[in-house]
1. Accessible area per residue for the chain in Å², computed with a 1.4 Å probe and the full protein assembly in place, what is it?
2. Between Pro163, Pro144, Pro49, where does the largest GNM mean-square fluctuation fall for the chain, given springs only between Cα atoms within less than 10 Å?
3. Which angle from 0 to 90°, rounded to the nearest 10, does the C-alpha axis of helix 109-118 make with the longest principal axis of the chain?
4. Based on the alpha-carbon gyration tensor of segment 1-111, what equivalent-ellipsoid semi-axes (square roots of 5 times the eigenvalues) come out, in whole Å, largest first?
5. Under the rule of at least 5 residues apart or a separate chain, name every residue whose amide H is placed under 5 Å from the amide H of Val73.
6. By average Cβ neighbour count within 10 Å, what is the ranking of 225-235, 147-157 from highest down?
7. Report Rg/Rh for segment 117-189, rounded to two decimals, where Rg is the Cα radius of gyration and Rh the Kirkwood radius.
8. Can you work out ³J(HN,Hα) from phi for every residue in segment 34-45, in order, using Karplus 6.51 cos²θ - 1.76 cosθ + 1.60 and θ = phi - 60°, giving whole Hz and x for Gly and Pro?
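The values are calculated or read from the model by the stated rules, or taken from the named source; none is laboratory data. Since the structure is predicted, the reported quantities are computational estimates derived from the model, not experimental observations. Virtual Cβ from ideal backbone geometry, glycine too; neighbours counted across all protein chains shown. Note: accessible area is taken over every heavy atom of the protein model, side chains too, but ligands, DNA and RNA are not part of it. Shrake-Rupley method; radii C 1.70, N 1.55, O 1.52, S 1.80 Å.
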Amino acid sequence: MNGPDPHREATMELLLLSNSTAPGRGYLEHAQDAIAEAFTGVARIGFVPFALADHDAYTAQVRRGLSFLDAEVVGLHERPDDPLAGLDAVFVGGGNSFRLLDQLQRRGLVEAIRDAVAGGLRYLGSSAGTNVATPSIRTTNDMPIVEPASFAGIGLVPFQINPHYLDPDPSSSHQGETRDERLQQYLEENDVPVLAMREGTWLRRSGASLTLGGVATGARLYRKGEPTAEVTTGSDLSSLLG
């Protein structure tokens, strides 16, 4: 898979949320300040609703959730001919990562979004929208309800992300694999770092700078052949872009 032109990446502006709804908060409410900062000056946002089945209802929910911004929200399903034309930013919403990637591939949006973001279009992703911003969706938590042509994502960052990360619970009666075990299995077959983001956290990329933000729970960093490392909120993760 071809990634963004490295000579143009200095313009890339990304905000990648682990989740879109926090307990006791409204849709996107927990991340309003981060979104407002990332979308300063944005007048028109294209929303990608393809991770859920009802595109109209999902777009309406996002319009309400982003109403704190002075910006127009348009659903990309409503503009099939030239979906990214005239946009300042794109928001790829959460849902099922396999369905989302399948639709992005069918509509020619993987390459289109990659090129547009490398050229300055701002990108907001949440959950599945964060998954597809990575090299592949191999570290998603979702069920493969459809089969995309490949697992290759948009590749706006060169490492994997596992949103909604849950720490192992020693008191749980669950006998299946923990999230930690599944990510360790991923590293048995792949040599690409994985950032496991707990609920309420997000990544902000501005050119060559990458920072973990959000609540104080932080994240975990998985690397092949190395011990899993805790990453505190506020940490500079720019080295992952190398």
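1. Details: 10980 Å² over 242 residues.
Value returned for the chain: 45 Å² of accessible area per residue.
2. In this elastic network of the chain, the residue with the biggest mean-square fluctuation among Pro163, Pro144, Pro49 is Pro144.
3. Here the helix axis deviates by roughly 90 degrees.
4. Working: eigenvalues 90, 67, 44 Å².
Semi-axes, largest first: 21, 18, 15 Å.
5. Long-range HN contacts for Val73: Ile45.
6. Values: 225-235: 11.6, 147-157: 18.8.
Ranking, from highest mean packing down: 147-157, 225-235.
7. Working: Rg = 14.4 Å, Rh = 13.9 Å.
Expressed as Rg/Rh, it is 1.03.
8. So the Karplus estimates, Gly and Pro as x, are 5, 5, 4, 5, 5, 9, 4, x, 6, 9, 9, 10 Hz.
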